[in-house]
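Chemist: Let me give you the structure first, and then I'll get to my questions.
The values are calculated or read from the model by the stated rules, or taken from the named source; none is laboratory data. Note that the coordinates shown come from a computational prediction; the quantities given were computed from them, not determined experimentally. Counting neighbours? That spans all protein chains shown, and the Cβs are built from the backbone with ideal geometry, glycine included.
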Amino acid sequence: MARIIVVTSGKGGVGKTTTSAAIAMGLALKGFKTAVIDFDVGLRNLDLIMGCERRVVYDFINVINGEATLNQALIKDKRCDKLYILPASQTRDKDALTKDGVEKVLTELKRDFEYILCDSPAGIERGANFAMYFADDAFVVTNPEVASVRDSDRMLGILASKSQRAETGQEPIKEFLLLSRYSPSRVKDGGMLSVDDVKEILSLPLLGVIPESKSVLEASNAGVPVILDEKSNAGAAYKDIVDRYLGEEVPHRFIKVKRGLFSGLFRSK
Amino acid sequence: MPIDTQDLLVTESVLEFKSRAINVSTLILFSPQLDDIQEKLQQKIAQAPDFFRNSPLLINLAYLLTHSQSIDITKLILLLRELEFLPIGVQGGSKSQHQIAIAAGVPVHTMPVKKITQPDSVQKPVIKKIEVKLITQPVRSGQRIYAQGDLIILAQVSAGAEVMAEGNIHIYASLRGRALAGVQGDISRRIFCADLQAELVSIAGNYRLNDSLDNSLSKQNVQVFLQDQALIIEAL
């Protein structure tokens, strides 16, 4: 049975697309047939992060409008044959999304795929609502700062009240906290909220902490999901997150300040 | 030259029918005993003879009918006329009672009759059902909860959320949003919570903002109530 995961946050720029790309790749590398959909119609980014921007012919909106089949629009990843990307349309806006259209595409994907990731746009409007409406699980990406935490809280309220599961009285969406751009040294200085602060404010189970890392930006610019960067802390954090999501017991890392100047220098690449 | 339509109508027609509602005394009977009725009526007339003389009267038989008590309509009408009442109608009786009334020259009023209760019967007290709302999930930023009675919340109330109740509010976790109890003005209502970090607390419109809350009270059970129009926040 396919599971639909929405990667959401409310606030922009917290790392939703980076997370979607990394986790989709992680699940595919584990052998699960995975699709990742860009819901950010008009501000298409996922194709860049996945490095398939030159291979986009048809997009999500074309499929919704019946102008292309799903198979024509899905882009198979060159690094992992279990991973497919459904890009957003860059020339349209969120009004092109319809609930029936989204449902049709997701229903069709569910027949073939084991995991379907929905990369939500920022905000709580149309695009974000459709991205989360049919979800089974939600990855709430939050930065350790008050504005991001509050927006995530707002998004959690919407997940709990406006999703299909909520409206039809089914078991609620399973929500997980992903704390990204975390810097233990800045937490120690008091310049950033700690993991415990965020966990307490949101009262959510923590799926993982992704440390602030230069490698995220480098990977994005290169069009390589950061999880493929063997030497990156952020990549390792995403691997842990995939393992935890799949039910493995993995201790949390990257929460405490590293002891010793040298080990810190070597590991924070 | 303006035409006087009133004149026109009067000169052209001899009569016209119009529907009018009039106020008539209704005689509601709770007993079929003619002797008792006569006695009671005579007592009434003795109190104000001019008021009752030749006064039109509607006879209501609904109570007798629902309690299956029969009454001699012919004799009743004769009795009323003897006492100088002018019966102008019956209502709420059986079919045969109505036929007898018509035979005696008294018309039947078939308008729906309200259920008649004896005047001395005690009215049942109306018990107002008080709704108690129970919330088990966190109340997130941007959500609003309203309860007409008491509101019980087992999870946290996030910053930017708003919980309101006409009754009391109980929160068995952190309160970081707004809580307003007694929103319909009941000053006896209270707010109870396990960790007060609220943006705002209010009882019947008397509010306090986070700025004026005592930080030493966080992480413990507190109650908020009104005393002499002052909002009191104290540890439990």
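Chemist: In this structure, does A:K16 turn out to be within 16 Å of the chain's Cα centre (by Cα) and surrounded by fewer than 23 Cβ atoms within 10 Å (Cβ to Cβ)? Give the steps one after another, and end with the answer.
Modeler: Values: within 16 Å of the chain's Cα centre (by Cα): yes; surrounded by fewer than 23 Cβ atoms within 10 Å (Cβ to Cβ): no.
Judged against the criteria, A:K16 is not a match.
Chemist: Considering A:G13, A:G26, A:G31, A:G42, which residue is on the phi > 0 side of the Ramachandran plot, of a type outside the set (D, E, K, R) and at pLDDT 95 or above?
Modeler: Answer to the selection: A:G31.
Chemist: Output the residues belonging to the stretch A:145-173 that are away from every other protein chain (no Cβ under 11 Å) and farther than 28 Å from A:P184 by Cα.
Modeler: Matches in the stretch A:145-173: A:S163, A:Q164, A:R165, A:E167, A:T168, A:G169, A:Q170, A:E171, A:I173.
Chemist: Turning to a different aspect of this structure: Quick one: what pairs do we get from the stretch A:158-169, first residue farther than 15 Å from A:A131 by Cβ, second assigned to a loop (DSSP other than H, G, I, E, B) and among the charged types (D, E, K, R), C-beta under 7 Å, 6+ apart or different chains?
Modeler: Filtered contacts from the stretch A:158-169: A:A160/B:R140.
Chemist: Only one of these is in contact with a Leu (Cβ under 7 Å, 6 or more places away or on another chain) and of a type in the set (G, A, S): A:A138, A:A166. Name it.
Modeler: A:A138
Chemist: Sticking with this structure for a sec: Scan the stretch A:231-249 residue by residue and report those that are surrounded by 18 or more Cβ atoms within 10 Å (Cβ to Cβ), not aliphatic (A, V, I, L, M) and not in a loop (DSSP other than H, G, I, E, B). I'd like the intermediate steps shown before the answer.
Modeler: Just the residues of the stretch A:231-249 that are surrounded by 18 or more Cβ atoms within 10 Å (Cβ to Cβ), to begin with: A:232-242, A:244-245.
Checking which are not aliphatic (A, V, I, L, M) leaves us with A:232-233, A:235, A:238-240, A:244-245.
Across the stretch A:231-249, the qualifying residues are A:N233, A:G235, A:Y238, A:K239, A:D240, A:R244, A:Y245.
Chemist: In the stretch A:135-186, which residues are farther than 20 Å from A:P205 by Cβ and either of a type in the set (V, I, T) or in contact with a Cys (Cβ under 8 Å, 6 or more places away or on another chain) (or both)?
Modeler: Hits for the stretch A:135-186 are A:V146, A:T168.
Chemist: Sticking with this structure for a sec: For the list (1) farther than 20 Å from A:Y238 by Cα; (2) within 14 Å of chain B (Cβ to nearest Cβ), I need the number of the one condition that A:F130 fails.
Modeler: Result: A:F130 fails condition (2) only.
Chemist: Here's a follow-up. What strands (runs of 3 or more DSSP E), lying completely within the stretch B:133-179, carry at least 1 residues that are of a type in the set (A, V, I, L, M) and within 12 Å of another protein chain (Cβ to nearest Cβ)?
Modeler: B:133-135, B:144-147, B:169-175
Chemist: A further question on this structure: Tell me, which residue of the stretch A:210-221 that is outside any loop (DSSP other than H, G, I, E, B) and either within 14 Å of chain B (Cβ to nearest Cβ) or not aliphatic (A, V, I, L, M) (or both) is surrounded by the most Cβ atoms within 10 Å (Cβ to Cβ)?
Modeler: A:P211
Chemist: Right, another one. Is there a residue being within 10 Å of the chain's Cα centre (by Cα), surrounded by 24 or more Cβ atoms within 10 Å (Cβ to Cβ) and of a type in the set (S, T, N, Q) anywhere in the stretch A:20-36?
Modeler: There is at least one residue in the stretch A:20-36 that is within 10 Å of the chain's Cα centre (by Cα), surrounded by 24 or more Cβ atoms within 10 Å (Cβ to Cβ) and of a type in the set (S, T, N, Q).
Chemist: Mind checking which residues of the stretch A:56-73 are part of a loop (DSSP other than H, G, I, E, B) and buried (at least 19 other Cβ atoms within 10 Å of the Cβ)?
Modeler: Applying the first criterion (part of a loop (DSSP other than H, G, I, E, B)) to the stretch A:56-73 yields A:56-59, A:65-69.
Correct list: A:Y58, A:D59.
Chemist: If you take the residues of the stretch A:131-148 that are crowded, with 23+ Cβ neighbours inside 10 Å and hydrophobic (A, V, I, L, M, F, W, C), which of them is farthest from A:M1 (Cα to Cα)?
Modeler: Restricting to residues being crowded, with 23+ Cβ neighbours inside 10 Å and hydrophobic (A, V, I, L, M, F, W, C), the top hit is A:V141.
Chemist: Got a sec? Which of A:L207, A:L202, A:L228, A:L193 is touching a residue at least 60 places away in the same chain (Cβ under 8 Å), within 14 Å of another protein chain (Cβ to nearest Cβ) and crowded, with 16+ Cβ neighbours inside 10 Å?
Modeler: Working: A:L207 fails: within 14 Å of another protein chain (Cβ to nearest Cβ); A:L228 fails: within 14 Å of another protein chain (Cβ to nearest Cβ); A:L193 fails: touching a residue at least 60 places away in the same chain (Cβ under 8 Å).
That would be A:L202, the only listed residue that is touching a residue at least 60 places away in the same chain (Cβ under 8 Å), within 14 Å of another protein chain (Cβ to nearest Cβ) and crowded, with 16+ Cβ neighbours inside 10 Å.
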